[in-house]
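Every number in this text was worked out from the coordinates using simple rules, so none of it is lab data. The structure displayed is predicted, hence computed values, not measured ones. Cβ coordinates were reconstructed from backbone atoms using ideal geometry, including for glycine residues, and neighbour counts include every protein chain displayed.
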Amino acid sequence: MSQEVAILAEKVIALTRESGRNAGNILEDIASTEGDQKMIAVISQLDIMSVAKIVRNFDATIPSIAAWLMDPETIGEMLDVEPSYWENEFEKGAVTAQDSVKSMLSQIFLTRADDDERQTEILDAINHSETGLLYLSLPFIGFDFESIDFEEEAVSGSDEELLIKIKSLSESIYQAILDTSVNGNLDNIEAILKSQANNIRVGEISSDTDDMFEPL
């Protein structure tokens with residue numbers, strides 16, 4: 001890691017504490033002025049909680065460049081911790097867990113129509129992460145899967161559009177999402193996702209604290 005990348009990463013992390021959106025804009029600036037590879041190098045130095053905060057401050061209408069360029073495994077790890085941010089939003093009455101997950105998945109899968117191979121790798125990585133299948137299924141609990149018309153073009157931004165995209169990438173994962181959504185309990189799955197994310201978050205904080213006591 002170069003000193004320049006380390007300095008840029010520290011700057012992004014500091015900005016993330018104040019605003020995930022501003023930190024994401026800095027990543028955009030790095031990519032536009034110094035290239036995608038430099039931005040990817042900076043992202044690789046960020047803790048996963050910072051990455052999640054950045055990406056979740058964007059959506060499908062204005063996607064984060066990080067969501068486009070991160071490797072599939074990092075995206076899977078990011079979505080494992082993203083639910084740890086839900087509680088503050090719920091207290092404000094802004095969104096539900098289903099809204100938050102749908103926004104993240106739409107940003108990842110509905111903003112790049114020209115790279116199905118990469119999106120298939122991302123979907124597979126999410127599915128194989130700690131709570132990936134539950135995360136993928138949460139937005140569709142209560143949804144009428146029989147209402148989907150696969151012959152018609154779905155309304156932009158709709159549940160149908162997201163599900164049709166997922167099905168086009170992996171029939172088996174789509175079927176697993178359908179089964180989990182139909183048979184799963186919303187409150188239970190939400191609780192599992194938040195609990196797992198908070199456990200990971202505690203691990204991230206502990207690691208940061210341990211670093212403080214490493215010998216100089």
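The table that follows gives values for the structure above.
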read-out	value
Cα centroid of region 132-151 to Cα centroid of region 105-120, whole Å	17 Å
Taking all pairs of distinct alpha-carbon atoms in region 1-86, Kirkwood radius in angstrom	12.6 Å
Ascending count of other beta-carbon atoms within 10 Å, so fewest first, for F150, F143, F109	F150, F143, F109
Residues S100, S2, sorted so that the one with the fewest Cβ neighbours within 10 Å comes first	S2, S100
Debye, to nearest 20: dipole size of region 71-211, +1 on Lys, Arg Cβ, -1 on Asp, Glu Cβ	320 debye
Table column - 3J(HN,Hα) (Hz), region 139-146, Karplus curve with 6.51, -1.76, 1.60, x for Gly and Pro	x, 10, 5, x, 7, 8, 5, 5
Pairwise FRET efficiency - S32 versus S147, Cβ, R0 = 41 Å, nearest 0.05	0.45
Volume per residue of the C-alpha convex hull in the chain, rounded to whole Å³	131 Å³
Sum of -39500 (n - 2.57) over DSSP H runs of 4+, divided by residues of the chain (222 nm, nearest 500)	-21500 deg cm²/dmol
D115-V182 FRET efficiency (beta carbon distance; Förster radius 22 Å; 0.05 resolution)	0.15
Hz values of 3J(HN,Hα) by residue in region 120-125 - Karplus curve (6.51, -1.76, 1.60), Gly and Pro given as x	5, 5, 5, 4, 5, 5
